[in-house]
Structures are given as C-alpha cells and as structure tokens.
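Input: a single structure, listed below in structure tokens.
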Amino acid sequence: MEITLVPLSSPRDRDALVRFLTENEFPFHVGNRLTVRDAEERIDSGRFDGPDHAGFWIDVGALGRIGYTVLDDLADNALLFDLRLASQHRGQGFGAPILRALTKYVFTNIPEANRFEGNTRADNIAMRKSFRRAGFIQEACYRDGWPVPGGAPMTSVAYAILRRDWESGSTTPLEWDDRVGL
C-alpha cells in the first residue's frame, strides 16, 4: 500500500479542507463534528501550516485523498500529530501504514526529532492496534483525560516511538518500576 503525504497549503486547499472537516464526523476526537465556522477558524489560526505545524493530505493511490494529518510541535524534539480519515476509509487497515509513513517522514526530514507521539481515547481500539502494529508503545494512561462534549471525560492513552527504535526496528523497554512504593 503506497501512502503519500502531500503538503497541505491552507490558502490553496482551504475549500477542500473545510469540506473534509464538515462532511465527516470524527467520533474519537475532541471537536468530533465541525461547522464551517469551526473549520475556517482552525485554518485561519495556522493549525495546518503555522510555524509549529505541518499539515498533509494522506493520499493512497487510486483512492486519492483519504484523510489528513498535522504534525505539531515542530520546534521540539518530541513531535505530536493529529490524524483524521474520511468516514468511508476507516476500518480498512490504513492506520498502521499511515503511522509508518508519518514516522519515516518525521525521522527522515526533521533531524531534531527524537520522539514521535500520539494520543487517543482508550476506547479507540482500532487506533490503539494501529499504534502497536506501527512499532509505537503505550507510555501513559490518563484517567478522565479526554474531554467528551456533553459527556463524562474518558481515559486517554499515549503512544510513542523513539528514533533509535525506528532506526533499529526494535523496541526500547519501558524503564519505570511500580515497586518503588510511591
């Protein structure tokens, strides 16, 4: 499966981005249903191409653009990302290949990056499996850490991959020890 990351330009891609954001519902995201105004405010604020953000359409060959991703915290050595797929392309096995393509992009093009991180709700099983399949490991669990509009907060989980693990194809074990009695 050939995943291509196509740089997103807010001025050039504005209409397509507004359509994408308003025509799809994102049940596992804060802001799961955006209005035209919400989408335009995000674009105008630099969310997709500001100095600390880089947005990309996710292109999959004959299917074309199936979603987008935004890399955040470009000036740090630990980048975060947002990933959204169009409703009709979810559940088709794109998650892990997209994460592998993003990881390759980050560690190939951003020399300062040492970590690549993502968060999701604990009940987003498909994304959690995608993280694992792409070589990320779960590093944190935040109880009541994910706001849910109109509902109780949910547990959030954080996954990351280190540059050295990506380069070696291995996984560095976690170093914490619950036996310290704190």
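In the chain, a dipole from Cβ-located charges (positive for Lys and Arg, negative for Asp and Glu) runs towards its positive end, and of G150, P27, T172 it is P27 whose Cα lies farthest in that direction.
Can you tell me the length gained on complete extension of the stretch V148 to R132, counting 0.36 nm per residue apart and subtracting the Cα distance?
3.3 nm
Calculate, in nm to one decimal, what T171 and Q88 gain on full extension: separation in residues at 0.36 nm each, minus their alpha carbon distance. Don't skip to the end; give the middle numbers.
On the way: separation 83, 0.36 × 83 = 29.88 nm, distance 3.27 nm.
Extra length available between T171 and Q88 comes to 26.6 nm.
Taking neighbour counts of Cβ atoms within 10 Å as a proxy for exposure, in what order, fewest first, do L8, L174, L99 appear? Walk me through the numbers on the way to the answer.
Details: L8 23, L174 9, L99 26.
If I rank by nearby Cβ atoms, fewest first, I get L174, L8, L99.
Fewest-first ordering of I125, I58, I110, I98 by other beta carbons within 10 Å of each residue's beta carbon gives I125, I110, I98, I58.
Counting only DSSP H runs of at least 4 residues, each contributing -39500 (n - 2.57), and dividing by the residue count of the chain, the helix-based mean residue ellipticity at 222 nm comes to -8500 deg cm²/dmol.
Under the criterion of Cα pairs below 8 Å and six or more residues apart, the relative contact order for region 3-180 equals 17 percent.
Applied to region 150-165, the Karplus parametrisation 6.51 cos²θ - 1.76 cosθ + 1.60 on θ = phi - 60° returns per-residue 3J(HN,Hα) values of x, x, 6, x, 10, 6, 10, 10, 10, 10, 8, 10, 9, 3, 5, 5 Hz, with x for Gly and Pro.
Fewest neighbouring Cβ atoms within 10 Å first, the residues R47, R37 line up as R37, R47.
Any read-out appearing in this document is the output of simple, stated calculations on the displayed coordinates, not a laboratory observation. What you see is a predicted model; the values in this text were computed from it and never measured. Methodologically, a virtual Cβ is constructed for each residue, glycine included, from the backbone with ideal geometry; neighbour enumeration extends over all protein chains shown.
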